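The values are calculated or read from the model by the stated rules, or taken from the named source; none is laboratory data. Not measured: the values here are computed from a predicted model. Don't worry about glycine lacking a Cβ; one is built from the backbone with ideal geometry, like all the others, and counts go over all protein chains shown.
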Ligand code: YH5
């Protein structure tokens, strides 16, 4: 199994790690236009050295209450960083965006994969990704980042999330995205209670049968906090790594993580002990 993303092919026979690179002003203390690309490039380089196969660059915070940046602000944050990574590192570049203008400029700057937490709700965003030949990650989210955690409800969370993802795979194909350029993601923590997250995690085997490689993002999330007696975000490393290993053992193809070195080891362990396609 391979992911086709513009000029790059990524082997997914063994699970890989996508390193998180936030380029929001609150994640780089200065937030200035000159400091940011240098600091971000250094962090990207470290993640690649630690074994990240993909670097995920995001210029919009998903924290509830976070201010949505203007298109120009998002471009100013993301594009210089993508350019630097493309020029200086040998890695697949993912860009976290919901906007067609950012997709087009990011691909021009060297991005390979578009990771839209809104699941390409805007058809123009999907069209821009398809036009550029970029791979896409389609994530499920109930509601909007601002309000999604207020009272998420489902009749059958596994069915609803799976049906949504299957429909989105078809929509991506209709928009011209090639079949081997699509990742799907149940979207842990995006309009889900702890119960929903756990139910989805236990059903990961099912999500691996939907027709596209599965991306799982649980790193540092409240799901980990809940399962570890309420640990704050800076004490969630061990829990995050444990969940990453479990996800890899159940067939997740890409693990999105902040702590790349630790997660690379964890997914190796998970892949080795888990039963994978082609076993037996
Ligand atoms: C994801 O799952 N998540 S941003 C709250 C936290 C810690 C981390 C404090 N982008 C995903 O990482 N893209 C994000 O607790 C994503 N899948 C994909 N494809 C949220 C995040 C986080 C949120």
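A few notes on this one:
- Leading residue by the ranking (surrounded by the fewest Cβ atoms within 10 Å (Cβ to Cβ)) among those in segment 218-243 that are within 23 Å of residue 13 (Cβ to Cβ) and without any contact (Cβ under 8 Å) to a residue 60 or more places away in the chain: 241
- Residue in segment 66-89 that is touching a helix residue (DSSP H, G or I) at 6+ places or on another chain (Cβ under 8 Å) and in contact (Cβ under 8 Å) with a residue 60 or more places away in the chain present: yes
- Evaluation of residue 266 against (1) assigned to a helix (DSSP H, G or I); (2) more than 16 Å from residue 52 (Cβ to Cβ); (3) more than 12 Å from the ligand (Cβ to nearest atom) (one fails), failing number: (2)
- Test for residue 35: is it at pLDDT below 95, within 16 Å of the ligand (Cβ to nearest atom) and more than 18 Å from the chain's Cα centre (by Cα): no
- For segment 172-199, the set of residues classified as at negative phi, in contact with a helix residue (DSSP H, G or I) (Cβ under 7 Å, 6 or more places away or on another chain) and more than 11 Å from the ligand (Cβ to nearest atom) consists of 172, 173, 175, 177, 179, 182, 194, 196, 199, listed by residue number.
- Of the criteria (1) at pLDDT below 95; (2) within 12 Å of the ligand (Cβ to nearest atom), which one residue 69 fails: (2)
- Exclusive hit being farther than 11 Å from residue 216 by Cα, without any contact (Cβ under 8 Å) to a residue 12 or more places away in the chain, more than 12 Å from the ligand (Cβ to nearest atom) and not in a strand (DSSP E or B), set 261, 272: 272
- Subset of segment 60-93 [touching a strand residue (DSSP E or B) at 6+ places or on another chain (Cβ under 7 Å) and part of a helix (DSSP H, G or I)]: 78, 81, 82, 85, 86
- Any hit, segment 215-223, residues being part of a loop (DSSP other than H, G, I, E, B), on the phi > 0 side of the Ramachandran plot and within 12 Å of the ligand (Cβ to nearest atom): yes
- Taken over segment 224-242, the residue count meeting the criterion of being over 19 Å from residue 115 (Cβ atoms) and either touching a strand residue (DSSP E or B) at 6+ places or on another chain (Cβ under 9 Å) or more than 10 Å from the ligand (Cβ to nearest atom) (or both) is 12.
Yes/no matrix, rows are residues, columns are (1) surrounded by fewer than 19 Cβ atoms within 10 Å (Cβ to Cβ); (2) more than 20 Å from residue 264 (Cβ to Cβ):
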residue: 3; (1), (2): no, no
residue: 27; (1), (2): yes, yes
residue: 50; (1), (2): yes, no
residue: 56; (1), (2): no, no
residue: 77; (1), (2): no, yes
residue: 81; (1), (2): no, yes
residue: 86; (1), (2): yes, yes
